Amino acid sequence: MTDLAGRLSEAASAAFEDLGLDPDFGRVVRSNKPELADFQCNGAMAAAKAAKRPPRDIAADLAARLEGDALVGRVDVAGPGFLNLNVTDAALAARAAEIKTDPKAGGGAAPDPETIVLDFGGPNVAKPMHVGHIRSAVIGDTLQRLFRFLGDKVVSDTHLGDWGLQMGLLIVALADERPELPYFDTANEGPFPAEPPVTIEDLGRLYPQASARSKEDEAYKNRAEIAVSEMQAGRAGYRALLRHFIDVSVAALKTDYAFLDVSFDLWKGESDVDHLIPDIVQTYRDKGLAEEDRGELIVRVARENDKKETPPLKLINREGGTGYHATDIATIVDRVEAIGPDRMIYVVDQRQALHFEQVYRAVDLAGIFPEDKLEHIGFGTMNGTDGKPFKTREGGVLRLADLNAMMFEAAAKKIEEAGRLPEDMGADERADVAAKVARAALRFADLQNTRTQNYVFDLDRFMSFEGKTGPYLLYAAVRIKSILRRAGEEGLAAGEITVAHQAERDLVLALDGFATALAQSREKRMPHILCEHVYNLAQAFSVFYTDCPIATADDAGTRASRLALAEAVLKQLETGLGLLGIDAPERM
């Protein structure tokens with residue numbers, strides 16, 4: 001099902017072809033001056049040189065050909081050769097009816113669906129998630145929803161950090177505190193206890209202590225580095241501890257992610273691909289791509305046209321261990337073998353751009369996976385009012401679990417103060433509404449910003465039921481549900497859609513823009529485009545509801561038509577919000 005811009009583009013392309021010109025000039029888009037026209041085509045300007053004719057003359061010929069099209073109510077030539085197009089009321093009514101019955105609410109489908117591995121989240125084992133993890137989680141999850149909705153096959157992986165120094169620090173910290181545990185007996189090859197010897201609270205206590213000590217005590221840090229090397233080399237007790245650390249951490253991570261309604265297909269970590277590294281290292285040696293350099297094994301990935309120096313990638317460090325470069329290459333190898341994707345996308349902080357540039361070049365050099373099918377979707381930071389990454393009042397990094405709790409409490413307080421909850425609503429339903437408001441506030445506040453830009457954390461603004469916020473959009477959806485519910489109680493039903501009032505025209509045109517918003521969000525990997533569409537749709541409905549009475553309309557046909565329009569809007573609004581990871585309650 002093609003949107004109106006697509007259908008008009010087909011007609012305009014055919015008109016260009018009739019004139020002996022490239023049909024690609026016939027692209028039609030929404031007018032940037034909606035007070036003058038619904039749509040516009042600027043192709044005559046671009047075609048003038050090839051046609052060796054004035055653009056206004058070309059535009060006039062095009063207009064003559066388009067005037068008879070069933071979609072077109074009026075076509076005008078403006079300025080030096082712009083073509084302004086207004087569609088008929090009948091075409092708008094038919095389009096609204098299509099959207100109302102379409103399972104995807106007019107969202108369309110990708111013309112080139114792919115199998116995509118989507119890497120986002122990236123939490124570290126034994127480290128509680130903090131506010132810095134929000135952007136990767138909600139941007140990645142929204143892209144996951146969007147890609148799948150449009151027809152891509154997506155396999156998402158949070159890619160746990162479970163192979164670095166923090167593992168060694170935890171091992172030595174636990175060894176000092178509980179040396180009697182069987183994991184520290186070098187002669188013990190297992191089996192080891194099934195129950196973890198630590199809780200998530202233990203990990204949250206042990207890691208900061210060990211990390212702080214390692215910065216002041218070089219010998220302690222060396223012990224941790226040796227423990228990491230022994231773990232990576234396969235020491236049984238340390239591998240068993242690693243498994244416990246991962247299991248305990250993942251259980252806590254899933255709780256934090258659940259509040260944001262973020263999910264993953266895979267919970268793999270760096271340790272899952274360690275067995276692939278020896279063969280990978282040998283591949284780079286065999287291809288003459290690896291070289292020894294000051295005790296390290298490196299791969300040079302710099303290019304002559306680099307604007308800045310690109311350091312070599314490190315396969316093996318001086319201690320004989322492997323780091324993020326090697327495990328990321330191994331992860332790509334694992335994904336190629338297990339999934340066979342067309343593309344891999346990494347939703348990671350923009351500050352990691354150099355790392356991914358090194359890895360992507362290295363895997364391309366070795367023929368593992370093409371560089372142009374590897375994408376780093378970088379993003380800015382969530383900052384405090386001082387313009388720096390957000391911290392607590394005490395100056396520490398705010399834990400994600402604490403932020404989630406803060407948002408829930410703020411949402412519960414806000415809706416109680418606003419008096420928006422029905423008196424018969426029980427405690428469980430009230431908690432569910434508060435959770436949905438909190439999630440909407442947090443996710444929309446992040447996603448509405450251009451992905452690559454920083455933004456400021458402002459709890460009061462995020463929680464407002466007015467303005468461009470998640471709670472406002474929830475209220476918009478709930479209000480439509482209430483309108484339809486009351487109509488049903490009064491015996492009113494939706495019927496055939498007709499379009500006559502300007503507010504009705506504007507509303508259907510807003511509905512019609514959904515497919516374009518989704519396509520652009522997918523193509524540019526920019527969820528804020530979808531946010532803009534959903535907000536504009538809610539605004540258009542608000543104007544429509546003010547200007548076009550539903551229950552008190554003059555005749556039954558108008559009432560039925562406007563109820564049907566309300567149903568179409570609710571369907572698309574909830575679909576769009578769902579892609580943003582936002583779920584509207586039935587009432588509030």
Would you compute the Debye intensity of the chain from its alpha-carbon atoms alone, equal scatterers and no solvent, and pass along log10 I(q)/I(0) at q = 0.09, 0.10, 0.11, 0.12 Å⁻¹ to two decimals? -0.85, -0.98, -1.11, -1.22
Could I have the simple spin-label model distance between Leu354 and Glu409, label points 7 Å from Cα toward Cβ, reported in nm to one decimal? 4.0 nm
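First compute the accessible area of the range 4-129 with a 1.4 Å probe, then give the percent of it belonging to carbon and sulfur atoms.
Details: 2910 of 5620 Å².
The computed percentage sits at 52.
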Show me 405-414, 523-532, 443-452 ranked by packing, highest mean number of other Cβ atoms within 10 Å first. 443-452, 523-532, 405-414
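Any chance you could run the full-extension gain for Arg486 through Ala50? It's 0.36 nm times the residue separation minus the Cα-Cα distance, nm to one decimal.
Net length gain for the segment: 151.0 nm.
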Taking the highest mean first, how do the peptides 271-283, 472-484 order by number of other beta carbon atoms within 10 angstrom per residue? 472-484, 271-283
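Could you sort Thr2, Thr88, Thr546 by accessible area so the largest value comes first, with the probe set to 1.4 Å? Numbers along the way, then the final one.
Details: Thr2 60, Thr88 35, Thr546 105 Å².
Sorted by accessible area, descending: Thr546, Thr2, Thr88.
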For the pair Arg430/Arg587, report the inter-label distance in nm, with labels modelled 7 Å from Cα in the Cβ direction. 1.5 nm
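Would you work out what percent of the accessible area of the range 379-506, with all protein chains in place, is carbon or sulfur (probe 1.4 Å)? Please list the in-between numbers first.
On the way: 2940 of 6320 Å².
Reported share for carbon and sulfur atoms: 46 percent.
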Between Arg74 and Lys308, how many nm apart are label points set 7 Å from Cα along the C-beta direction? 5.3 nm
Of Lys414/Lys468; Lys104/Lys481; Lys391/Lys413, those spanning more than 21 Å from alpha-carbon to alpha-carbon: Lys391/Lys413
Can you give the extra length, in nm with one decimal, that the chain gains between Ala60 and Glu114 once fully stretched, where that is 0.36 nm per residue apart less the Cα-Cα distance? 15.3 nm
Solvent-accessible area, 1.4 Å probe, carbon plus sulfur percent, for the range 152-254: 53 percent
The range 357-404 versus the range 36-89: alpha-carbon centroid distance in Å: 46 Å
Amide N of the range 366-384 lying under 17 Å from the label point, which is placed 7 angstrom from the Cα of Asn454 along Cα→Cβ: 378-384
Which parts of the range 169-189 would a label at Gln209 reach, counting a residue when its backbone N lies under 19 Å from a point 7 Å out along Cα-to-Cβ? 169-184
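At 222 nm, what value in deg cm²/dmol follows for the chain if DSSP H runs of at least 4 each add -39500 (n - 2.57) and the sum is divided by all its residues, to the nearest 500?
On the way: 20 runs with 302 residues, N = 588.
Rounded to the nearest 500, the figure is -17000 deg cm²/dmol.
Enumerate by residue number the GluC sites (Glu not before Pro) in the range 166-266 meeting two conditions: DSSP loop (anything except H, G, I, E, B), and at most 15 other Cβ atoms within 10 Å of the site's Cβ. List each step's numbers first, then the result.
Working: sites: Glu177, Glu180, Glu189, Glu201, Glu216, Glu218, Glu225, Glu230; in loops: Glu180, Glu189, Glu216.
Those that pass, being in a loop and sparsely packed, are Glu180, Glu189, Glu216.
In Å², what does the accessible area per residue of the range 170-236 work out to with a 1.4 Å probe?
Details: 3790 Å² over 67 residues.
I get 57 Å² per residue for the range 170-236.
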Where the centre of each part is set by its Cα atoms, how far does the range 135-152 sit from the range 467-523, in angstrom? 23 Å
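Hey, what did the range 19-79 get for relative contact order, percent, Cα under 8 Å, at least 6 apart?
Working: 49 pairs, mean separation 13.6, N = 61.
In percent, rounded to a whole number, it is 22.
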Relative contact order of the chain, pairs being alpha-carbon contacts under 8 Å that are 6 or more residues apart, as %: 15 percent
Calculate, for the range 58-125, the solvent-accessible area per residue in square angstrom, rolling a 1.4 angstrom probe over the heavy atoms of the protein chains. 37 Å²
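How much length is gained if the chain between Lys287 and Ser464 is pulled fully straight, taking 0.36 nm per residue apart and subtracting their Cα-Cα distance, in nm to one decimal?
Numbers: separation 177, 0.36 × 177 = 63.72 nm, distance 5.88 nm.
Value of the extension gain: 57.8 nm.
The values are calculated or read from the model by the stated rules, or taken from the named source; none is laboratory data. Predicted model only: the values in this text are computed from it and were never measured. Neighbour counts are summed over all protein chains in view; Cβ atoms, including those assigned to glycine, are modelled from backbone coordinates with ideal geometry. With ligands, DNA and RNA removed, areas are computed over all heavy atoms of the protein, side chains included. Shrake-Rupley method; radii C 1.70, N 1.55, O 1.52, S 1.80 Å.
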